[in-house]
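The values are calculated or read from the model by the stated rules, or taken from the named source; none is laboratory data. Computed from a predicted model, the values in this text were never measured in an experiment. Glycine also receives a Cβ, built like all others from the backbone with ideal geometry; neighbour counts cover every protein chain displayed.
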Amino acid sequence: MLITKTKSYDQFAISEIKEDLNIDESDLTYNGQLKRYLRSAIDIAEQTIQDDIVPTTCILEENSYLTNFVYINYPIYSTNVKVTSIQISTGFGSGNTLTTLDPSTYAIEKFNNYTNIRFKGSISGTRLLINYTSGFPIIFESVKRAIFLKVGEMFDVDRNGYTSNLVQKSNAFERMLSPYVNSLY
Amino acid sequence: MAAQTARLTERLELQELVVSGSSYGEAIETWQTTRIVYATQQAQKGKLYSNNYDQFAMDYISFYCRYTPFLRKGTRVLYKGEPYKIHNVNTVTRNQATIIDLITYL
């Protein structure tokens, strides 16, 4: 099973980060750096909470021989999942034409912290693609703040590769994200 | 820590002297803002005297900011609407920060 993800970072404005870091809007010196730090901070935040924060387009790909499966569950450990389409091919190899399944032939079962896809009837095939989107519909302000704090930490502290022993870490990033951690139980 | 973001509250405008010519060939000197940086005001150092008789006092202020390459010649800093000369520039070792000392024009 392989999940390929494409992320959109458009919900975060560089101007907002610059305001947080007290960098003047007209000062374009750090724009490129801040964009890269922002992507890193989002990745770190997503790893911390084990979920997709920004709008994400995903493809779950299964290439093993699948035959006569009726109730196979594909657990997708992400909240806010919307399945856009499911495609299947019956021939051998990836060059075969994929057929899009009728949405009435499968059901999306949402659980507290994950999503299952349950098929109604017997299907067989060699390759299965589940196309879905994930990510918070509206990014919570505290998640945003945590990401901005991480950008600031990387920009002002981490890129120097040096900190004074006297400075203690506030752990604000972890504290702000802890209510959103996606744990399976 | 290089710069405590919450303390970078003072707005400094870095200005460069640009010389152009009028249609009559006169030199026109204008100060143009090239960059705006936010800094922390260090202890205000008070007056700096240009001679031994306590004459010609200049206001002397020191600022701490993220690493910024300041030039001492041909540039000035506009702070709270008042132009300042760049008196001294120090880079904080391994900390990516700059301390800049400014004095008022006589």
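Quick look at the numbers
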{"item": "A:Gly91 being away from chain B (no Cβ under 14 Å), on the phi > 0 side of the Ramachandran plot and surrounded by 11 or more Cβ atoms within 10 Å (Cβ to Cβ)", "result": "no"}
{"item": "Filter result (of a type in the set (Phe, Trp, Tyr) and surrounded by fewer than 20 Cβ atoms within 10 Å (Cβ to Cβ)) within the stretch A:129-147", "result": "A:Phe136, A:Phe140"}
{"item": "The stretch A:22-48, residues that are surrounded by 13 or more Cβ atoms within 10 Å (Cβ to Cβ), under 25 Å from A:Pro179 (Cβ atoms) and not basic (Lys, Arg)", "result": "A:Tyr37, A:Leu38, A:Ser40, A:Ala41, A:Ile42, A:Asp43, A:Ile44, A:Ala45, A:Glu46, A:Thr48"}
{"item": "Conditions (1) surrounded by fewer than 15 Cβ atoms within 10 Å (Cβ to Cβ); (2) modelled with pLDDT of 80 or more; (3) farther than 30 Å from A:Ile17 by Cα; number of the one not met by A:Asn68", "result": "(2)"}
{"item": "Only one of B:Val18, B:Val37 that is within 14 Å of chain A (Cβ to nearest Cβ) and surrounded by 12 or more Cβ atoms within 10 Å (Cβ to Cβ)", "result": "B:Val37"}
{"item": "Test for A:Gly152: is it on the phi > 0 side of the Ramachandran plot and of a type outside the set (Phe, Trp, Tyr)", "result": "no"}
{"item": "Criterion violated by A:Thr100 - all others in (1) in contact (Cβ under 8 Å) with a residue 24 or more places away in the chain; (2) touching a strand residue (DSSP E or B) at 6+ places or on another chain (Cβ under 7 Å) satisfied", "result": "(1)"}
{"item": "Hits in the stretch A:18-35 - residues which are aliphatic (A, V, I, L, M) and within 21 Å of the chain's Cα centre (by Cα)", "result": "A:Leu34"}
{"item": "Pair list, Cβ < 6 Å and 6+ apart or interchain, from the stretch B:80-96 residues that are within 14 Å of B:Glu13 (Cβ to Cβ) and without any contact (Cβ under 8 Å) to a residue 60 or more places away in the chain to residues that are surrounded by fewer than 14 Cβ atoms within 10 Å (Cβ to Cβ) and of a type in the set (D, E, K, R)", "result": "B:Ile86/B:Arg72"}
{"item": "Every residue from the stretch A:139-165 that is without any contact (Cβ under 8 Å) to a residue 40 or more places away in the chain, touching a helix residue (DSSP H, G or I) at 6+ places or on another chain (Cβ under 8 Å) and more than 10 Å from chain B (Cβ to nearest Cβ)", "result": "A:Ser142, A:Arg145"}
